Amino acid sequence: MTGELHRAGRRLLLELLVPPTPEQHENLGDDYDRALRPPLTEQVITDMQGAGAAPDIWKIEGLDLAEDAERVVAAARQGGRDDVRCVVLGRDADQSQLDRWLRVAAGVDGFHGFAIGRTIWEKPLLAHVRGELDETGVVDQVATAYQHYADTYHSV
């Protein structure tokens, strides 16, 4: 499939989510993200590549440690995929968590930005739908949040 996309002049972005199983969540709770998700992410990337998936950009759940981010990039680039990039996805995390993930990723060669959605626009949009915020307020809040994350990423 990726070959067809490249022949058509298109690139593939793949969003990779690696949620815990109920058992993993029960056993590890909040420690899952730090203890188990990073090696599972590497394994899923390797398995998907083995099955023929070759995205140009991997959209990866944020990582707490630079070493984990480096290993994920290495997995994404294995087998001569030197041009592959990773971006941080927001996973609807709160601002402090996202700030931490962005700072980690920004310092790792192979990460090239972020793709954060709900954390940026969900609350202003809901306020607008409820009649609590006008269109200008939505635009201002979304722009301010986006600028915050861009500044955070580029501060490293």
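Brief remarks follow.
- Unique residue being touching a residue at least 24 places away in the same chain (Cβ under 8 Å) and touching a Lys or Arg at 6+ places or on another chain (Cβ under 6 Å) when the list is L98, L89, L65, L102: L89
- Residue within region 17-40 that is open to solvent by 80 Å² or more (accessible area, probe 1.4 Å), touching a strand residue (DSSP E or B) at 6+ places or on another chain (Cβ under 7 Å) and farther than 12 Å from F111 by Cα present: yes
- Flag if V88 is outside any loop (DSSP other than H, G, I, E, B), within 13 Å of the chain's Cα centre (by Cα) and hydrophobic (A, V, I, L, M, F, W, C): yes
- I45 in contact with a strand residue (DSSP E or B) (Cβ under 9 Å, 6 or more places away or on another chain), surrounded by fewer than 20 Cβ atoms within 10 Å (Cβ to Cβ), at negative phi and without any contact (Cβ under 8 Å) to a residue 60 or more places away in the chain: no
- Looking across region 48-65, the residues that are of a type outside the set (D, E) and surrounded by 15 or more Cβ atoms within 10 Å (Cβ to Cβ) come down to M48, Q49, A53, A54, P55, I57, W58, K59, I60, G62, L63.
- Among the residues of region 13-42, the one identified as of a type in the set (V, I, T) and assigned to a helix (DSSP H, G or I) is T41.
- Scanning region 86-127 for residues that are in contact with a helix residue (DSSP H, G or I) (Cβ under 8 Å, 6 or more places away or on another chain), surrounded by 17 or more Cβ atoms within 10 Å (Cβ to Cβ) and not hydrophobic (A, V, I, L, M, F, W, C) yields a count of 6.
- Residue that is farthest from V84 (Cα to Cα), among those in region 106-127 that are in contact with a Leu (Cβ under 7 Å, 6 or more places away or on another chain) and part of a helix (DSSP H, G or I): A127
The values are calculated or read from the model by the stated rules, or taken from the named source; none is laboratory data. The structure displayed is predicted, hence computed values, not measured ones. In this analysis, Cβ positions are derived from the backbone assuming ideal geometry, glycine residues included, and neighbour counts consider all displayed protein chains. Note: areas computed on protein heavy atoms with side chains; ligands, DNA, RNA excluded. Shrake-Rupley method; radii C 1.70, N 1.55, O 1.52, S 1.80 Å.
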